[in-house]
Structure formats: C-alpha cells, structure tokens
Amino acid sequence: MSKFADWLNDRFPAREMMREHMTEYYAPKNFNILYYTGSLLLFMFFLQLISGFLLMAHYVPTSQDAFNSVQGIMYDTKWGWLIRYMHVDGVSLIFVLLYLHIGRGMLYGSYRRPRELLWIIGYVIYILMMGEAFFGYILPFGNLSYWAGQVITSILHAIPFIGPGLTTLARGGPGIGTATLERFLALHTVLWFLMLVAMILMHILALHQVGSNNPDGIEIKALKGPDGHPLDGIPFHPYYTVKDIFGVAVWLTIFAAIIFYAPTMHGVFLERTTFFRANPMVGLPDVTPPWYLAPYYAMLRAVPNKYWGIGLMALAIVLPFFLPWLDRNPVHSSRYRPVYRAMIILMAVVFFTLAWVGEQPPLPKYFFIERLGAAIYIGFYVLLPIVSSIEPTRKVPERVQA
Amino acid sequence: MMRKKGVPVLVGALLSLGVTVAHAGSLISPPGSFSKSTVIAGAKLFADHCSACHAVSNLRYNRLAIDLGMSKAEIKKDIMLPSGANYLNGMKPAMSQAEAKKWFGIPPPNLSHIVRAEGEPWVYTYLTSFYWDPTRPSGWNNRVFPEVAMPNVLASWGGIYTKSGKQLKAGSESPAAYHRQVAAIVAFLRYASDPSIFAREALGPYVLGALVLLSLVSYLLKKAYWKDIDDRRDAEGHINTSAMPKNKTKPDDT
Ligand code: HEM
C-alpha cells in the first residue's frame, strides 16, 4: 500500500493535495447550517451531470421529436421518470441552495476583503447557472419552452447595432426550431457546462487561498496557536467531511420526498404549460419564467418602456458584483450590525415577493408591487455605502462564538 | 391515498342539491379517492365513452398491466376497443383524425397530458359543465369551454340541462353515481398524465426510510468524530484546537 502510495506521489501530488485541501485546510469551527450549502451545491451539480447524461441518451433535438422524446422518457423508459424528475427538480433545488448560499454570504459579509474575488467568481457561477437553466428549459419543447425561447431571444434584439444579428444567431434562424434546439443542446451540455465546471474549480481554489469566513465574520487566521494553526480552526478533514456527509444525507431525504411525492411541486418546479407541445399558432396568455428567474422578470415589467426595462433588469443582475466595495463598515457579520441585518432581511423578502409577482399575469394591480420591489432592490445598493459608514455596530468578540 | 386537495364540503353540498353543473368561474375537484381500482374503473369507462374520438397516445396498453395490475385478457376485452389497437402501442382512437376533423371541425386532442396541463378540477368541471344550446351545430355548449366542438357524450347518464340549470331530461344514473363515474374517468386521465405515480408511491416509503436511516448513521458518525472538539471546550466555550491530536502529530510531516 505505502509502496504504491509512494510510487503514485512521486508522479502525482495526491498526498500534497489531500493535505492542502483537506487535512491541513483549516476551517472555522463555528459553521452553522448555512455552511452546508456549498458542499450540497457541489453534490447537486454532480447529480445533474449524471441525470443529464442519462437524459441525453434519449433526447432528440428536433422540433418534430423533442417533445415526444422527453415524453418517451417519462412513459416508456425504465426509471425514466426518476431521471427526469431528478434533473428537473434538481434545478429548482440548486437555485434554492444558491439563494441560501448567496444570502449567507451577504449575512456574514463573506464578500468583503479578502474574499472579493471568491464572491465575484461565485456570482459569475450564478449568472452562468441562469443561462444553463434557460437553455435546459427550452429543450423539452413544451409550449412554454417555445414562447420563453421566443421572448428571451427577443430581449437580445434590444442590444444596439448587433441585437438583431445576435437574435438570429441565438435562434439559428428567424424563428425557434430545430436549429435552436441543436445549438441550445450544445450550449447546455458542452460550453456552458464546461464553463461552470471551470468556474466551480476556481471558486474552490480561491476559497482555499483566503480561507472560509464564518457567522461571526472574524478572521480566524488572525489568532494562531504555537503550532501555527488558527486557534479557532479545525482541519476540514475529517471534521467537516463527516459533517457534510450528514448534510448530504438529510438533503437527499428532502430531495427524494419531492421526487416521490410532489415531483411538479404543484406546478412550481415543473409548470403546467410545459405539458402542451410547442405550437407557434397557440400563444400563451402570459409567458412567465420559472420561479428562480421571476424576480428579474418582474423588474423588467416594472418599467413600461422595453429598453429601460431591460436596462433595469441588467442593472439588478450586475449590482451584486460591486457589493465588496459598496459596503464600507469595518464590521463584516450582520450579527453585529442590526441595521445591516434588517436591510438584508428586507432584501430577501423583496426578492421572493418579486419572484411571486413575476409569476403573475401582467395586470395593473401588480405594477405597484413590481415598482416598489424594484425600487427597494436598487435602493439597497445605492444606500449601502452611506448606511454602512454611519450605522451603529455592536462590539465584535475577539474569538468566534460557540 | 386520499386526495389531498379539494373541496369535499362544497362537492357534497352540490351533490345533495342535485346540481350537476359548475357555476362559471369556479372549478370543482372530483369527489372520491384516487386509487388503482378507481383508475381501472375509469380506464374502462374511458374506453367505452371517449376512445371513439380521443387518443391517449403516450400511454401504451401494456402499461395498464404493469402499473395497475390488469390482466392482458382484461385489457384486450375492456380497453382495446378500437379496431387495430396494438397491445404494445399507445391508446388509439376508433375514429381517424381526418374523419373526426370532418365531423367536428377540429380533431379531438390526445388526452395524455390533459390533467397535468389543466389540472383535475378543470377536467372534472369541464366534463360536468355541458348544457343544451340549440344554436350550436352539435346542440351542445360548455360553461368552462364556450363553443366547444365536443358533444356531451355522457348526457345519457347525467341528464340534459339548460344553461340556467333547468333539467330537460333526467339521466339514467343518480347524480351521485354519475359524478363518481366522471371522477373515475378523471382519475384515469390523472394516471395517464403521470403513469409513474403508483410506482413512485409504492417505492417512496422504502427510499425515504433508507435515507432517514443513512441520515441517522451519518449523524452518529459526525458526533463520534466531533467528540474530540466538544471535549475540549473551556469555560467560555472556546476550544483549544492546538491541543487536538490531529494537529499535534503528523507522522510523515516535514
Ligand atoms: C454551483 C455553484 C456553487 C458551488 C458548487 C459553490 C461551492 C462552494 C463551496 C464548497 C464553498 C465552501 C463551503 C461553504 O462555505 O458553504 C463555498 C463558499 C463560498 N461561496 Fe460558493 N458555490 C457556488 C456558488 C456561489 C455563488 C453563486 C456565490 C456568490 C454570489 C458564492 C459565494 C461564496 C462565498 C462568498 C463563499 C465563502 C463563504 C464563507 O466563507 O462565509 N458561491 N462555495
């Protein structure tokens, strides 16, 4: 055994990597439940790869056969329903995790120096993930797929000069059809997927370079013991590996309960309009995006002018990149910043209210909610530099709590 | 497996009043429970009354044997009525699409996904909302589907009503029996739109049980490992991690 290990380690840095990233990677000992989200995201991403691979074995990317090939998976393929529900419900669960993961970063100031790049890489992953979900959404070619594809590719049209050409390029022709499905399949399974893998690797490497933050927002590296290890740090392996295994087991239980008992989640995870075949002749009364993209759609609709609406949506998506520099308070964690904490909670409420309202038909009675929501969302980023420089803070302890 | 959603009180009240049509705008959930036996009853009724026109093309006849436990002979006798039906192929209609188009102006749609697309309450309400309308070519209209091309094929059971709810002709069935039968058809269509449902619900408890067990075991494993840390808390709750065995010695450390 050890002879083989030596042979291997002379040729591949397995032992070194194990040390650097597992046994001698020190993580704060006070991680709370929100710190399961990272390992769960890794796990879910891997599951999507497996279920997606199996789906691809049966999927036909043509406007004639796409819908029926997916239905064939549901009706005729052994365990096909399990594979498809895993993949479809997996997307929604990944976005649940992403929102918890991002919210955690905001709550504990994990985006602050020295983790700015970690935050930016993470946010790039989120944006890539939205694209990945959109491409996947078109593939089953239900009627919602068709019209969503139509609406989103027409947003590209608004880009000055190159817009119309870009729309044609995205669709592979004047309309949504076989050419669109073929290129979306290629994007979904190759280009976007590889970019995601690369970004996730960089995310982990960047994390291990700077080390994890924690719910108290204190740098554990500031206080080291005589052996040179952080006093409040514990080796990732075995402590957090066993803890994360427990997290995965509990999460799988939730995941399985959804797959086995509520696979469409009452039309939220798998919408009813996806059960009609794509039909250019039958328009849908309201084309709404899935819940995880709906907040941005609500902001798009909040402005009556199409171009300004798209501008507002783009701004809303881009703003979080600047968070590390907009927050000016020396204290990181919201545990010691009551005003900041209230702002974050308000933002979460606003975000999910926008998600809800984005799913509603475009009726005048919702305009007020859409506009108020958009105003609060943008207002958070505008006010943060001011509020964070004057807000009261509580005393931050020297060492992490509990 | 009782149905979770629904408005049993409302349905009960409507039944007792003998009101057979829904009021426009309000959808009614089908009464009764969703089980294999209801679905089988519904499949037979569907074959008798609906397969003349409608395909359920994604559902192969042999699935009824696999999912519902019907015998091949029973399926051949009670379900595979249209001539040319193949046991291994999807459920086909008796009437050809071209013929149907000539008769109704629109080919009767494939009903494989109708319940997933519209929901059980809509389908149930639709089927019980036909009324007599002499201005229509077929004589039929529908509260939730105005100007519908489909005739009320269940009129002989449920009776004929005007738009205002006045009975023109009594049905052969009591209102309660009639509603049960329509509910069975809807149950069949629910199964048809999601044929994995019985397999899922049968397997579910075992999968969840195994995963709960896995969660428990991994919790105990985590606790055992973290004993190192929990044992080293000082009065303030801090842990002197440098004294931990994992940190002290590393055999091949240099
Ligand atoms: C598939 C997507 C992602 C994966 C697989 C992933 C993975 C991870 C992992 C394994 C960790 C360490 C464990 C943990 O702290 O939970 C982590 C930490 C972190 N991630 Fe992500 N992440 C993803 C997306 C994102 C996104 C979208 C953002 C932000 C916009 C983000 C920002 C961060 C930050 C700031 C940390 C450090 C948190 C702290 O130490 O308090 N990540 N990520």
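The values are calculated or read from the model by the stated rules, or taken from the named source; none is laboratory data. As the structure is a computational prediction, the values presented were derived from the model and not from experiment. Note that each Cβ is placed from the backbone with ideal geometry, even for glycine, and that neighbours are counted across all protein chains shown.
General observations
- Taking region A:256-280 as the range and being touching a strand residue (DSSP E or B) at 6+ places or on another chain (Cβ under 7 Å) and at the interface with chain B (Cβ under 8 Å from one of its Cβ atoms) as the test, the residues that pass are A:T273, A:F275, A:F276.
- Only residues that are without any contact (Cβ under 8 Å) to a residue 24 or more places away in the chain and of a type in the set (A, V, I, L, M) were counted across region A:183-199, and they come to 6.
- Within region A:174-190, not a single residue is away from chain B (no Cβ under 14 Å), of a type in the set (F, W, Y), assigned to a helix (DSSP H, G or I) and within 16 Å of the ligand (Cβ to nearest atom).
- Qualifying residue in region A:225-236 (condition: assigned to a helix (DSSP H, G or I) and either in contact (Cβ under 8 Å) with a residue 60 or more places away in the chain or closer than 29 Å to A:Y307 by Cβ (or both)): yes
- Within region A:220-234, none of the residues are under 20 Å from A:T37 (Cβ atoms) and surrounded by fewer than 20 Cβ atoms within 10 Å (Cβ to Cβ).
- Test for A:T253: is it more than 7 Å from every other protein chain (Cβ to nearest Cβ) and at pLDDT 95 or above: no
- Any pair with Cβ under 6 angstrom, 6 or more apart, that starts in region A:120-131 at a residue that is without any contact (Cβ under 8 Å) to a residue 40 or more places away in the chain and ends at one that is near the ligand (Cβ under 8 Å from one of its atoms): A:Y126/A:L98
- Only residues that are out of contact with any strand residue (DSSP E or B) (no Cβ under 7 Å at 6 or more places or on another chain) and either of a type in the set (G, A, S) or over 22 Å from B:C50 (Cβ atoms) (or both) were counted in region B:186-202, giving 7.
- If the condition is being modelled with pLDDT of 95 or more and either under 30 Å from B:L203 (Cα atoms) or of a type outside the set (F, W, Y) (or both), then region A:218-250 contributes A:T241, A:V242, A:K243, A:D244, A:I245, A:F246, A:G247, A:V248, A:A249, A:V250.
- Failed item, numbered, when A:A66 is tested on (1) under 25 Å from A:T241 (Cβ atoms); (2) touching a Phe, Trp or Tyr at 6+ places or on another chain (Cβ under 8 Å): (1)
- Scan of region A:201-217 for residues that are under 17 Å from A:M18 (Cα atoms) and either in a loop (DSSP other than H, G, I, E, B) or near the ligand (Cβ under 8 Å from one of its atoms) (or both), ordered by number: A:I204, A:L207, A:G211
- No other residue among A:I127, A:I152, A:I120 is away from every other protein chain (no Cβ under 14 Å) and away from the ligand (no atom under 16 Å from the Cβ) apart from A:I152.
- The condition of being in the same structural domain as A:L205 (by TED's automatic domain parsing), closer than 26 Å to A:H203 by Cβ and of a type in the set (V, I, T) does not hold for A:I73.
- Helices (runs of 4 or more DSSP H) wholly inside region A:262-343 that include at least 2 residues being at pLDDT below 95 and farther than 24 Å from A:P385 by Cα: A:294-302, A:306-318
- Out of A:I120, A:I138, A:I102, one residue alone is touching a Phe, Trp or Tyr at 6+ places or on another chain (Cβ under 8 Å) and closer than 30 Å to A:Q64 by Cβ. It is A:I138.
- Condition check for A:Y111: within 16 Å of the ligand (Cβ to nearest atom), outside any helix (DSSP H, G or I) and away from chain B (no Cβ under 14 Å): yes
- Remark: A:K224 falls outside the filter, which requires a residue to be facing chain B (nearest Cβ under 9 Å) and in contact with a helix residue (DSSP H, G or I) (Cβ under 8 Å, 6 or more places away or on another chain).
- Subset of region A:33-81 [over 23 Å from the mean Cα position of the chain (by Cα), surrounded by 18 or more Cβ atoms within 10 Å (Cβ to Cβ) and not polar (S, T, N, Q)]: A:Y59, A:P61, A:A66, A:F67, A:V70, A:I73, A:M74, A:Y75, A:G80, A:W81
- Subset tally (residues that are in contact (Cβ under 8 Å) with a residue 24 or more places away in the chain and either among the acidic types (D, E) or surrounded by fewer than 14 Cβ atoms within 10 Å (Cβ to Cβ) (or both)) for region A:384-402: 8
- Residue match in region B:70-85 (condition: under 17 Å from the mean Cα position of the chain (by Cα) and at pLDDT 95 or above): no
- Residue in region B:188-202 that is assigned to a loop (DSSP other than H, G, I, E, B) and either aromatic (F, W, Y) or within 7 Å of chain A (Cβ to nearest Cβ) (or both) present: yes
- Selection from region A:274-294 of residues that are in contact (Cβ under 8 Å) with a residue 60 or more places away in the chain and either closer than 23 Å to B:G204 by Cα or over 24 Å from the mean Cα position of the chain (by Cα) (or both): A:F275, A:F276, A:R277, A:A278, A:N279, A:P280, A:V282, A:G283, A:L284, A:P285, A:D286
- Looking only at region A:29-70, and only at residues there that are in a helix (DSSP H, G or I) and under 16 Å from A:L181 (Cα atoms), the one that is nearest to the ligand (Cβ to nearest atom): A:G52
Table: residues versus (1) touching a Gly at 6+ places or on another chain (Cβ under 9 Å); (2) basic (K, R); (3) buried (at least 21 other Cβ atoms within 10 Å of the Cβ).
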residue: B:S51; (1), (2), (3): no, no, yes
residue: B:A55; (1), (2), (3): yes, no, yes
residue: B:D67; (1), (2), (3): no, no, no
residue: B:S71; (1), (2), (3): no, no, no
residue: B:D78; (1), (2), (3): no, no, no
residue: B:Q97; (1), (2), (3): no, no, no
residue: B:P108; (1), (2), (3): no, no, no
residue: B:E118; (1), (2), (3): no, no, no
residue: B:S129; (1), (2), (3): no, no, yes
